[in-house]
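Student: Okay, here's the structure, questions in a sec.
The values are calculated or read from the model by the stated rules, or taken from the named source; none is laboratory data. Predicted model only: the values in this text are computed from it and were never measured. All Cβ positions, even for glycine, are placed from backbone atoms using ideal geometry, and neighbour counts span all protein chains on display.
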Amino acid sequence: MAEYTLPDLPYDYSALEPHISGAIMELHHDKHHATYVAGVNTALEKLAEARSKDDLATVNLHEKNLAFNLGG
């Protein structure tokens, strides 16, 4: 199964200053966005496991978690 990774930004965190601070850009990218990427990978792993066990209730839960994290 493929794993999602957090891409590097093609510009410096401070590139959007003074409109968006470098600290906010770093926080958003390195913490918030990284959490969504990790959530996608976790949901995919758990979804595959639930499907292999034919656990339909859990499949539904992990599909919702996957959709939430992909929409991050």
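Student: May I ask you to list the residues in the range 1-23 that are surrounded by fewer than 13 Cβ atoms within 10 Å (Cβ to Cβ) and not polar (S, T, N, Q)?
Tutor: Across the range 1-23, the qualifying residues are Met1, Ala2, Glu3, Pro7, Asp8, Pro10, Tyr11, Asp12, Ala15, Pro18, His19, Ala23.
Student: Another question about this same structure. Taking the range 1-52, which residues are of a type in the set (Val, Ile, Thr) and in a loop (DSSP other than H, G, I, E, B)?
Tutor: Thr5, Ile20 - these are the residues of the range 1-52 that are of a type in the set (Val, Ile, Thr) and in a loop (DSSP other than H, G, I, E, B).
Student: Let me spell it out: the conditions are (1) modelled with pLDDT under 95; (2) surrounded by 14 or more Cβ atoms within 10 Å (Cβ to Cβ), and Ala50 meets all of them except one. Which number is the exception?
Tutor: (1)
Student: Something else now. Those residues that are in a helix (DSSP H, G or I) and either touching a helix residue (DSSP H, G or I) at 6+ places or on another chain (Cβ under 7 Å) or surrounded by 15 or more Cβ atoms within 10 Å (Cβ to Cβ) (or both), I need them from the range 62-72; list them, please.
Tutor: First pass over the range 62-72, keeping only residues in a helix (DSSP H, G or I): 62-70.
Within the range 62-72, His62, Glu63, Asn65, Leu66, Asn69, Leu70 qualify.
Student: List pairs: first residue in the range 5-21 and under 25 Å from Leu70 (Cβ atoms), second residue surrounded by 13 or more Cβ atoms within 10 Å (Cβ to Cβ) and of a type in the set (A, V, I, L, M) anywhere in the structure, Cβ distance under 6 angstrom, at least six positions apart or on different chains.
Tutor: Listed by first residue and then by second, the contacts come to Leu6/Ala34; Leu6/Val37; Tyr13/Met25.
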